[in-house]
1. In µm²/s, what is D for the stretch 1-52 at 25 °C and 0.890 mPa s, where D = kT/(6 pi eta Rh) by Stokes-Einstein and Rh is the Kirkwood radius from Cα pairs?
2. Please check which bits of the stretch 245-260 a label hung off Lys271 would reach, taking the label as a point 7 Å along Cα-to-C-beta and the cut-off as backbone N under 20 Å.
3. For the stretch 1-125, take the alpha-carbon Rg, divide it by the Kirkwood Rh, and send me Rg/Rh.
4. Just how far, in whole angstrom, is the stretch 3-39 from the stretch 282-312 if you go by their alpha carbon centroids?
5. Once the cut-off is 19 Å, how many percent of the Cα-Cα pairs in the stretch 169-272 end up in the long-distance tail?
6. Which of the aspartates and glutamates could be linked to Lys41 by a straight reach, that is with a Cα gap under 17 Å, when you skip same-chain ones fewer than 8 residues away?
7. Report for the chain the percent antiparallel among DSSP-assigned beta bridges with both residues inside it, nearest 5.
8. Order the peptides 176-186, 302-312 from the highest to the lowest mean number of other Cβ atoms within 10 Å of their residues.
Amino acid sequence: MAGRVCIVGSVNMDLVVRAPRLPAPGETIAGGPFKTFPGGKGANQAVAAARMGAAVSFVGRLGTDAYGTELRSVLSREGVDITALRATAGESSGVALITVAEGSGENTIVVVGGANAKLTAADIQGVSGFIRLADVLLMQLEVPVETAAAAAGIAHLSGRKVLLNAAPARDVPDELLGSIDVLIVNAVEAAHLAGVKAERSLLESDPVGTARLLLERGPGAVVVTLGPAGALVAEGDAVRRVRSIEVEAVDTVGAGDAFCGCLAAMLAEGKSLVDAARVGCVAGALAATKAGAIPSLPQREAVRERLKQQEA
Ligand code: RIB
């Protein structure tokens, strides 16, 4: 049965340019084409969960500009309940400046928070009913950490499952981590929260140790996403590796969000964390095969089809 997911998070317009490679500091290179896509980690994860069949509500803030109008209608068309998505007078909507490298599909992103940064803990109190009604609360860190903490507190007290995708990498207090059921991070975010510098080599040399370091900070479980290498799921004493599928990546923007939104939808349906991560890896890989954030997010049927092929 479909579950209910509440997202507290960001919504951005992504300004994306493709380039032969990512430029080095101080370097100017020619790129193109230039395109705009709807995005933002919160909105991407909301649409990813909705496309997996979950009933999704979204708590966030938009500006009163043309991007705001467009982003609102994108979420609405996807069937996301946007009753708790508020306009912020005098603010611009969030914007992300993104470069995508041809060939690898790798990216760099600079985010301008705009109205997302104005989502307050007081806003959360005003829409707490959406959080209490959901089976799963999913948050990211493109809104203030105190706002995420307020939402986590309400969900935790109401016995809801609380998921935090700690992206982009920021400091997170132990008190907030202690109210999280599932912490989802990539290699960079894992290293940041574990307080170590060499993120990639640490994960390669000691992935299990890294996951355990994060568990010690208080969350009930930790999922570390590893791109094409799948994900690590650490719960209690067990650390398991979940495989991904092979795809040709053209644009990795939104792939991590596809994973998170799908994971939330599957947990809301009652799946185990490992099974939900398995489905999430397929959703993330499929998202990397198309350009843009929201336009690349896969539908449930496409994910199911690839899962069947993987199991055969
Ligand atoms: O995770 C990808 C997202 O990060 C993009 O859509 C961009 O808006 C930034 O928030």
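1. On the way: Rh = 13.6 Å.
Answer, rounded: 181 µm²/s.
2. The answer is 245-247, 254-260, whose backbone nitrogens lie closer than 20 Å to the label point.
3. Details: Rg = 16.0 Å, Rh = 15.4 Å.
With Rg and the Kirkwood Rh in hand, the quotient comes to 1.03.
4. 20
5. Roughly 43 percent, rounded to a whole number.
6. Leaving aside aspartates and glutamates fewer than 8 places away in the same chain, those within reach of Lys41 are Asp14, Glu70, Glu78, Asp81, Glu106, Glu142, Glu189, Asp251, Asp257.
7. Details: 22 of 55 bridges.
Of all bridge pairs located within the chain, approximately 40 percent are antiparallel.
8. Working: 176-186: 23.1, 302-312: 13.3.
In descending order of packing, they fall as 176-186, 302-312.
Rule-based calculations on the coordinates, nothing more; no lab input. Note that the coordinates shown come from a computational prediction; the quantities given were computed from them, not determined experimentally. FYI the Cβ positions are ideal-geometry reconstructions off the backbone, even for glycines, and counts take in every protein chain you see.
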